[in-house]
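Student: Here it is, the structure in full.
The values are calculated or read from the model by the stated rules, or taken from the named source; none is laboratory data. What you see is a predicted model, and the numbers here were worked out from it, not measured in a lab. All Cβ positions, glycine included, derive from the backbone under ideal geometry; neighbour counts span all protein chains shown.
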2 protein chains.
Amino acid sequence: MAILRGAAIVGQSGGPTAAINATLAGVIRGAVKSICKDEGITALYGMRNGIEGFLEERMIDLGEMFTSKKAPDEAKLAQLALTPAAALGSCRKKLPPLKGNDEYYENLIALFKKYDIRYFFYIGGNDSMDTAAKLGAYTRDHDYEMRIIGLPKTIDNDLVGTDHTPGYGCAAKYVATTLQEIVRDCAVYTVPAVTIVEVMGRDAGWLTAAAALPRVTGGYAPDLVYLPERAFDLDFFLEDVKALMEKKPNIVVAVSEGIRFADGRYVCEEISGGGVDVFGHKALTGTGKALELYVKEKLGCKVRSVELNISQRCASHISSLTDIRESEGVGEAGVVAAIGGTSVCMMAIIREDGDTYKSHFEPLDVLAIANQVKHVPQEFINERGNNVTDECAKYILPFTAGEIYPEYKDGLPVHFVFD
Amino acid sequence: MAILRGAAIVGQSGGPTAAINATLAGVIRGAVKSICKDEGITALYGMRNGIEGFLEERMIDLGEMFTSKKAPDEAKLAQLALTPAAALGSCRKKLPPLKGNDEYYENLIALFKKYDIRYFFYIGGNDSMDTAAKLGAYTRDHDYEMRIIGLPKTIDNDLVGTDHTPGYGCAAKYVATTLQEIVRDCAVYTVPAVTIVEVMGRDAGWLTAAAALPRVTGGYAPDLVYLPERAFDLDFFLEDVKALMEKKPNIVVAVSEGIRFADGRYVCEEISGGGVDVFGHKALTGTGKALELYVKEKLGCKVRSVELNISQRCASHISSLTDIRESEGVGEAGVVAAIGGTSVCMMAIIREDGDTYKSHFEPLDVLAIANQVKHVPQEFINERGNNVTDECAKYILPFTAGEIYPEYKDGLPVHFVFD
């Protein structure tokens, strides 16, 4: 295949993760190498706020910024890789259907032509893979040669095709570490108390499952773990909490924000649905808060809820070395694959067989991936539905392995910021 | 002064911190040195769950456990020092008044005599200093010679006498780092949004003030910071948010849980007071949630609140080296002082004059300290009352300096646990 010469562009989309900039660093590394060796890519632009910013031509020249002595500027890349949250800015935008939106897509193609963009890298979740698929179909039908690569990222680990997603390992390490700290904190008093910790994950329970990791490392894990993949039963839940409280005073529960009853209703909507706030609006509390109110009402003991919230996706101060390296790797592998002729693919992480964890990257047809959700398999959840199996924990554990710390200045982590 | 020979006991009380076990490690180091050199202390016991557990004679032999080759077992101490939350267990107990409770105190003295306890170390906040004061008065009046030392700890930094409290530096580092990550996370979208982060501190705003630290390190701090030391004004608040939103889309606000209006009412009670939950109970939301509801009602834009919650006091995975060293130091210095004859004192951290941060430890009369609150001085808050001054941030910054990481196994921190 002939070398395709032209500029490359990279964007970030969807919710941030602690590793999304590691993938950006990988793309920059790969592209700058290509620019310096004159192997195809001639320049690298970064879209500000994803495709939304590109449509307004808000771009920066990343190739220039990250080249030092005719090679990738590794010091800058290392800082970027440990900066949380999409450094280029992000957007939540799904491209319109191809049919009936010719003007929209013509406008996009015109912009690609204007900057001679022949390589398109998009770091994101499901919507980003959908963007890659649509651009792939449109450019193919309109004879504009552009290599399009989707680079996965999501703390939810719910993309199909890839064994796991870049960003999940850091989030899992944060959740497992924080839950272990909370379990220790809750263990200091002898007064009966229930602590309910709400973990992100509307449809997939992968991140909540990570709360159980300390159980297989010899550490301290929550007593009960509930995922959205199994119908939640309030009676079973109360029974389980009561049974545990007969053995010890402090119970810690991890729940996914997305747990639902057997009939499909969200637990948070059902329990908190009756209240109104001071302004007269229906007060929708989170799932953890809803269960807090429920347990308080039923058991009368001390109950509190903790929502891990945004930190799950941006706590880059506690990053998984494995995840950061894989996230960078998937970015650079995407560039190499594109230069080699691959297009309309998502770079996936393939886990190799064997006792020691090992992975490599492979391009997968993006059309087979977009708009699907990978759930935690039922065999990873115990029969009672109140915890994950050891097998599940052991499957997740390698993604959290190894530590990598950001540079600190005056006691605080230094972030890379595009002005 | 003659050497006082006898056993020592140490306990932990009140809310946990990330550094409370570092102070325990310091006490153990000091006591084991004394035991090994036969310099006064003959044994070291640890109370389980503070004075409450001691009354039930629940104790462990720490001296034996932490001695290796006739010296303190430094490997074990290092692990203990980076374990979050009171490893011996804690309690929330204020001793009864001396007057009218002779039987209670006689029982206590009998227990001290039973184990020949002549050194009493109590790690805690205000209530613990009160315990030290009461025991000091009672033993003096009843001719039982026992050296009593209070060792400060609180994330709130609200004890008087000491320049700052052990445990505050770790919590401040966590708050500043997390706020900076949240600011980065919030900056990725172009959609107008307000994020309100609630920080612990009912009466004193020291921990909330730490949110502003990144401003003086060249990092990224929240736009607005509200402490309980200044009356909160809803109209001013709304004006400030609106004014900022005209300049940029993403506003991050840090608020202390304890902010109040000029008339003394808590903001959270006032705003959330009208609602009832699904069980018909008055729904008291946190301060962050209350302001979220208010801003949503008034501005109609995207608003969310984040409660940092328990992690503020137990996130030992991001510890301040300065705080851990000072916390250990205050413990060991307490033992040395007690052996030297000091009693009914709290060991305080004294900040030395000069451009480079330096501190040492001094015993202060515990009676002058107990049951008082040290507030953030008004000159550390700006005129508008919506942020702290640079001077305030620069005062706090040294306590967060330096990093020290726990040992990791299989991707997770290893905690020291007494079985």
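Student: Out of the residues in segment A:306-324 meeting the condition of being within 7 Å of chain B (Cβ to nearest Cβ), in contact (Cβ under 8 Å) with a residue 60 or more places away in the chain and hydrophobic (A, V, I, L, M, F, W, C), tell me which one is nearest to B:Gly411 (Cα to Cα).
Tutor: By that ranking, first place goes to A:Ile318.
Student: For segment B:23-55, how many residues are over 20 Å from B:Asp127 (Cα atoms) and not hydroxyl-bearing (Ser, Thr, Tyr)?
Tutor: Residues meeting the conditions: 17.
Student: Return only the number of the condition from (1) within 13 Å of chain B (Cβ to nearest Cβ); (2) not in a helix (DSSP H, G or I) that A:Cys268 does not satisfy.
Tutor: (2)
Student: Return the residues of segment B:365-393 that are under 19 Å from the mean Cα position of the chain (by Cα), surrounded by fewer than 19 Cβ atoms within 10 Å (Cβ to Cβ) and not polar (S, T, N, Q); say none if nothing qualifies.
Tutor: Scanning segment B:365-393 gives B:Val373, B:His375, B:Pro377.
Student: Determine if segment A:125-135 includes at least one residue that is surrounded by 15 or more Cβ atoms within 10 Å (Cβ to Cβ), more than 17 Å from the chain's Cα centre (by Cα), without any contact (Cβ under 8 Å) to a residue 40 or more places away in the chain and more than 14 Å from chain B (Cβ to nearest Cβ).
Tutor: Yes, segment A:125-135 contains a residue that is surrounded by 15 or more Cβ atoms within 10 Å (Cβ to Cβ), more than 17 Å from the chain's Cα centre (by Cα), without any contact (Cβ under 8 Å) to a residue 40 or more places away in the chain and more than 14 Å from chain B (Cβ to nearest Cβ).
Student: Suppose the filter is within 14 Å of chain A (Cβ to nearest Cβ), of a type outside the set (S, T, N, Q), in contact (Cβ under 8 Å) with a residue 12 or more places away in the chain and surrounded by 18 or more Cβ atoms within 10 Å (Cβ to Cβ); does B:Phe361 pass it?
Tutor: No.
Student: If you don't mind, another one. Starting from residues that are closer than 15 Å to A:Ile324 by Cα and touching a Leu at 6+ places or on another chain (Cβ under 7 Å), keep the ones in segment A:402-419 and report whichever is farthest from the other protein chains (Cβ to nearest Cβ).
Tutor: Here the answer is A:Ile404.
Student: Tell me, which residue of segment A:332-361 that is in a loop (DSSP other than H, G, I, E, B) and under 25 Å from A:Arg118 (Cα atoms) is nearest to the chain's Cα centre (by Cα)?
Tutor: Keep residues of segment A:332-361 that are in a loop (DSSP other than H, G, I, E, B), which gives A:340-344, A:352-358.
Then keep just the ones that are under 25 Å from A:Arg118 (Cα atoms); that gives A:340-344.
Details: A:Gly340: 27, A:Gly341: 27, A:Thr342: 24, A:Ser343: 23, A:Val344: 21 Å.
Once the filter is applied, the top-ranked residue is A:Val344.
Student: Go through segment B:173-222 residue by residue and tally those that are more than 10 Å from chain A (Cβ to nearest Cβ) and part of a strand (DSSP E or B).
Tutor: Result for segment B:173-222: 5.
Student: Check segment A:337-357 and report whether any residue there is of a type in the set (Lys, Arg) and free of Cβ contacts under 8 Å to residues at least 60 places away in the same chain.
Tutor: no
Student: Can we say B:Arg313 is under 27 Å from A:Glu407 (Cα atoms), in contact with a Pro (Cβ under 6 Å, 6 or more places away or on another chain), in a helix (DSSP H, G or I) and charged (D, E, K, R)? Give the derivation first.
Tutor: Values: under 27 Å from A:Glu407 (Cα atoms): yes; in contact with a Pro (Cβ under 6 Å, 6 or more places away or on another chain): yes; in a helix (DSSP H, G or I): yes; charged (D, E, K, R): yes.
So B:Arg313 passes the test.
Student: In segment A:98-109, which residue that is touching a residue at least 12 places away in the same chain (Cβ under 8 Å) and either part of a loop (DSSP other than H, G, I, E, B) or among the hydroxyl-bearing types (Ser, Thr, Tyr) (or both) is surrounded by the most Cβ atoms within 10 Å (Cβ to Cβ)?
Tutor: A:Tyr105
Results for (1) of a type outside the set (Asp, Glu); (2) crowded, with 24+ Cβ neighbours inside 10 Å; (3) under 30 Å from B:Val366 (Cα atoms), shown as yes or no for each residue.
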| residue | (1), (2), (3) |
| --- | --- |
| B:Thr287 | yes, yes, no |
| B:Arg304 | yes, no, no |
| B:Arg325 | yes, no, yes |
| B:Glu328 | no, yes, yes |
| B:Glu332 | no, no, yes |
| B:Val335 | yes, yes, yes |
| B:Ala338 | yes, yes, yes |
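Student: What single numbered condition from (1) more than 11 Å from every other protein chain (Cβ to nearest Cβ); (2) under 29 Å from B:Lys409 (Cα atoms); (3) out of contact with any Leu (no Cβ under 9 Å at 6 or more places or on another chain); (4) small (Gly, Ala, Ser) fails to hold for A:Ala231?
Tutor: (2)
Student: Scan segment B:244-259 and tell me whether some residue there is within 12 Å of chain A (Cβ to nearest Cβ), farther than 29 Å from A:Ala290 by Cα and crowded, with 24+ Cβ neighbours inside 10 Å.
Tutor: No, there is no match, as no residue in segment B:244-259 is within 12 Å of chain A (Cβ to nearest Cβ), farther than 29 Å from A:Ala290 by Cα and crowded, with 24+ Cβ neighbours inside 10 Å.
Student: Could you tell me which of the residues A:Glu52, A:Glu64 is among the charged types (D, E, K, R) and free of Cβ contacts under 8 Å to residues at least 40 places away in the same chain? Spell out how you get there, then give the answer.
Tutor: Details: A:Glu52 fails: free of Cβ contacts under 8 Å to residues at least 40 places away in the same chain.
Within the list A:Glu52, A:Glu64, the selection yields A:Glu64.
Residues are listed down the side, and each one gets a yes or a no for (1) farther than 29 Å from B:Gly125 by Cα; (2) among the charged types (D, E, K, R); (3) modelled with pLDDT of 95 or more; (4) surrounded by fewer than 24 Cβ atoms within 10 Å (Cβ to Cβ):
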{"residue": "B:Lys153", "(1), (2), (3), (4)": "no, yes, yes, no"}
{"residue": "B:Thr165", "(1), (2), (3), (4)": "no, no, yes, no"}
{"residue": "B:Cys170", "(1), (2), (3), (4)": "no, no, yes, no"}
{"residue": "B:Val183", "(1), (2), (3), (4)": "yes, no, yes, no"}
{"residue": "B:Val194", "(1), (2), (3), (4)": "yes, no, yes, no"}
{"residue": "B:Val199", "(1), (2), (3), (4)": "no, no, yes, no"}
{"residue": "B:Ala204", "(1), (2), (3), (4)": "no, no, yes, yes"}
{"residue": "B:Ala211", "(1), (2), (3), (4)": "no, no, yes, no"}
{"residue": "B:Arg215", "(1), (2), (3), (4)": "yes, yes, yes, yes"}
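Student: Determine, yes or no, whether B:Ala370 is more than 14 Å from chain A (Cβ to nearest Cβ), among the small types (Gly, Ala, Ser) and part of a helix (DSSP H, G or I).
Tutor: no
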